1. Per-residue HN-Hα couplings for region 430-445, Karplus 6.51 cos²θ - 1.76 cosθ + 1.60 at θ = phi - 60°, whole Hz, x for Gly and Pro?
2. How would you rank Met432, Met235, Met340, Met379, going from fewest to most other Cβ atoms within 10 Å of each one's own Cβ?
3. Need one number: nm distance between label points at Val150 and Leu469, each 7 Å from Cα along Cα→Cβ, rounded to one decimal.
4. Report ³J(HN,Hα) in whole Hz for each residue of region 205-217, in order, from the Karplus equation J = 6.51 cos²θ - 1.76 cosθ + 1.60 where θ = phi - 60°; Gly and Pro get x.
5. Could you go through region 147-155 in sequence order and give the Karplus-derived ³J(HN,Hα) for each residue, using 6.51 cos²θ - 1.76 cosθ + 1.60 with θ = phi - 60°, rounded to whole Hz, and x for Gly and Pro?
6. Taking neighbour counts of Cβ atoms within 10 Å as a proxy for exposure, in what order, fewest first, do Glu422, Glu282, Glu403, Glu334 appear?
7. Just to verify a number: FRET efficiency for Tyr211 and Glu374, C-beta to C-beta distance, R0 = 51 Å, to 0.05?
8. Non-local amide H neighbours of Gly153 (under 5 Å, H modeled in plane, Pro and chain starts lacking H): which ones?
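Any read-out appearing in this document is the output of simple, stated calculations on the displayed coordinates, not a laboratory observation. Here the structure is a predicted model, which means the values were calculated and not measured. Neighbour counts are summed over all protein chains in view; Cβ atoms, including those assigned to glycine, are modelled from backbone coordinates with ideal geometry.
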Amino acid sequence: MTKKIHLFIPLFLIISAGIVPACADEELKEPDPVLFEDTDLETINAPDDEFLIEGIDDQCREFVEKLAQSKDDFEKLKKQCEANKTSIDCKKCASLNEHYEDTLKNLQNQIDELREEIEFLDDEQVVLQDSLEAVQSAPSPDFLAENNFVCVGTSYLLFRAPNDNNETFDVVVDPVFLWRFKDRLLFELKLDIRLHDCDTDIEMVYGVIDYIWNDCLIIRAGKFSTPLGLVWEKMTTGWINKLPTLPAPYTPGSRILTPPGEVGVDFRGVIPIAWKWRREDEVCIPIDLCWDFWVSNGPDEEDGDIRFGCNYLDNNHNLAVGGRLALRPKPFREIAISGMYAQWNNNKHREPRVSDDNLWYTALVLDWNWGINEYSKVMGEVLWTQRDAIKHVGFADTRYVTEFGGWFQYSTFLSQFNKRCEELLDKWEFVMRYGFVDSDVKDSNRNQFTVGLNYFFSNVLILKGAYELSHGRVYPNHEFLLQLAHAY
């Protein structure tokens, strides 16, 4: 018993000393008697001194008093801690309330901003809905892949100052409409819109459907520019022609030597006949043979003489035939020969008629379009035509009317003469052309010499200035010309 009491007293004092510090941080608890239930006091070596036994009663009473006092102190500290905890919670609540009010204000501001953004998104949704409807109504990608429509063309403003007539301005617009259906069917339409007296003239230069049979054959049907020489297919466009006027055999207002357009069917293609290895580029360049063969209405009759470009309905039982054969030994170099044969007078079923015989028209043209180098090139044609005529009818004095003509053109960029100023001179081009017509119809004889200087604002905008000297019985004239041509 003595051993148990001696061990119990120190343990109790240790436990009592740890109660007060714990109250500051944790909720106070009474000592747990369980801590002492399993303690085997007899196993601990306690002192066996006799003098300790004598003071057992006094120590027990003192211990009981201290235990009672500790229990009272414990209860007081417990109440005090609970009061302090309540005060701390109130301060925390006040601080939290202020934080919650600020947070609430921020949330309210965010809600207002979200409402404004929602209104903006509603407007955007309306716009997107309209765009979506437009996209849904637009052609599908498959349709666009097989169908293309493009409008291109050229327009120009021309100023003429002849030495024996009034100065004048003229404007011409030549739109070209291109349509493709799938990979083999193409449609081309070119209009010529110009001022004439008090009216505006609109003429269909060509309107043709092209069917691509294979890589070597294209079948064209409709009204097409006659592939007789270079001019009608390649130089009637103001942007492409290097001078403001056409060569002498094609001068508007005078007798032209070949038909500008035909209504019929044209077969054209290209055949590579050989290949040439070009070392500098390490590529093979084809040597092409280009060909055309057409069947058309041909020319017709007016006042007992031939007329071109108006035979939209055949005036006789004989269709015109023609062809062109061109050799391209190198890119931008071509030499060709072409011809046409047709009856031009009306037959016995059509009036007026001036002859019971069939009157024929024959034309041969030798042309070249040859690039000398990257700066210069030469172009030209030699034409020979002959037609049956009735003596003293149509201004003819013989049974046949033979006409011979030609033109020669040289053009070069000035930069080839001065490499130091190449950037400046590369925009300037010098052009010189001579043309003539020698005809049995004496009023058709003429000579033409033209020099010009072109300035390229860009590849599609050109300012052309030229001075032309013309000599002939009907059309003698010297004039200054200024043309601004634009491709679109």
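1. 9, 10, 9, 9, 10, x, 7, 9, 10, 10, 5, 7, 4, 5, 8, 5
2. Met432, Met235, Met379, Met340
3. A separation of 4.3 nm, rounded to one decimal place.
4. 5, 7, x, 9, 9, 10, 10, 7, 6, 7, 5, 10, 8
5. Ordered by residue, 3J(HN,Hα) equals 9, 9, 10, 9, 10, 10, x, 8, 8 Hz.
6. Listing Glu422, Glu282, Glu403, Glu334 from fewest to most nearby Cβ atoms yields Glu282, Glu422, Glu334, Glu403.
7. That gives a FRET efficiency of 0.90.
8. Correct list: Val176, Tyr488.
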